[in-house]
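Rule-based calculations on the coordinates, nothing more; no lab input. Model, not experiment: these values are computed from the prediction. When we count neighbours, we look across all protein chains shown, and the Cβ atoms used for this are built from the backbone with ideal geometry, even at glycine.
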Amino acid sequence: MKFARLAMVAALAAFSATGTSVAQHTPKAKGQGQGQTQATTTPSPSSTPAPPPQPGWAARCSSPSRDAPLECAMEQNAILTKTGQLVVLVNIRVPGDTRAPIALVQLPLGLNLQVAAKFQVDDGKSTDLPIQTCENRGCYASIPISPETLNALRAGKQLKISFQDLAKETITIPLSLNDFSAAYDKIK
């Protein structure tokens, strides 16, 4: 599939303009090598210092009208640098009625839908992300975030989203959690 080849060849850019992202493939057979691609940001040649890096997790609040309450969410994404294709987007929001955080994960098309995607903080327990629907922009999964998972996200270093492509190759996309707590504090 086109996505699998792109994921192995193209480097992933970080999220919201900074950082590094790595696509990892878990080979099916023991004899196959593990393909990893990694993107690093290189400074532009200029005489002025570069602006400070932007956070990977972006928090946003909006309201449909002045009288309506604010709806806040935070998100981070991974994009293929060569094509600009969105690979993964993780959006976390806290609904006003329940105050319980919910994660919406957008994945690319071309997934093996029989196998759930996975949501894992560092090397902790992975949680299944059953794919709920797909449309022309990608496939979507949504899960409530338990207090234990929220604590792990706040203390963790890396969120790993993994899924299988149509060739049944596992693709793991790591997302930094360095500024997760600061962004979550803005939306809770």
Subtracting the Cα-Cα distance of L113 and A182 from 0.36 nm times their residue separation yields 21.5 nm
In order over the stretch 69-75: 3J(HN,Hα) from phi, Karplus 6.51/-1.76/1.60, θ = phi - 60°, whole Hz, x for each Gly or Pro, gives x, 5, 10, 10, 8, 10, 8
For G156, other-chain or 5+-apart residues with amide H closer than 5 Å (H placed, Pro excluded) are none
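Using the structure shown, select from K82/K118; K118/K168; K125/K160 the pairs with a Cα to Cα distance greater than 22 angstrom. Provide the component values of the computation, followed by the final result.
Details: K82/K118 26 Å; K118/K168 14 Å; K125/K160 11 Å.
K82/K118, as the Cα separations exceed 22 Å there.
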Protection proxy (average C-beta count within 10 Å per residue), highest first, orders 137-143, 170-176, 109-115 as 170-176, 137-143, 109-115
Going from the fewest other Cβ atoms within 10 Å to the most, one would list C134, C61 as C61, C134
Taking every other residue with Cβ under 14 Å from the Cβ of S162 and scoring Lys and Arg +1, Asp and Glu -1, one gets -1
Correct semi-axes for the stretch 108-187, from √(5λ) of the alpha-carbon gyration tensor and rounded to whole Å with the largest first, are 24, 14, 11
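Determine the relative contact order of the stretch 68-188: mean sequence separation of Cα pairs under 8 Å and six or more apart, normalised by residue count, in whole percent.
Details: 235 pairs, mean separation 28.4, N = 121.
Reported relative contact order: 23 percent.
What's the FRET efficiency of K125 with D67 using the Cβ-Cβ distance as r and R₀ = 30 Å, to the nearest 0.05? If you can, show how the numbers build up before the last one.
Numbers: r = 43 Å, r/R0 = 1.42.
That pair, K125 with D67, gives E of 0.10.
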Note: the stretch 73-150, point scatterers on Cα, Debye, no solvent; log10 I/I(0) at q = 0.11, 0.19 Å⁻¹ equals -0.31, -0.89
Amide H neighbours of L109 at under 5 Å, excluding residues fewer than 5 places away on the same chain, with H built from the backbone geometry, are C139
As straight-line cross-link partners of K186, the qualifying aspartates and glutamates (C-alpha separation under 18 Å, not fewer than 8 residues apart within one chain) are E71, E75, D97
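Once the other residues with Cβ under 14 Å from the Cβ of P147 are scored (Lys, Arg +1; Asp, Glu -1), what is the net sum?
Numbers: positive: R99, R154, K188; negative: E148.
Around P147, the surrounding residues sum to +2.
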For V121, the residues 5 or more places away or on another chain with a placed amide H closer than 5 Å to its own amide H are K160
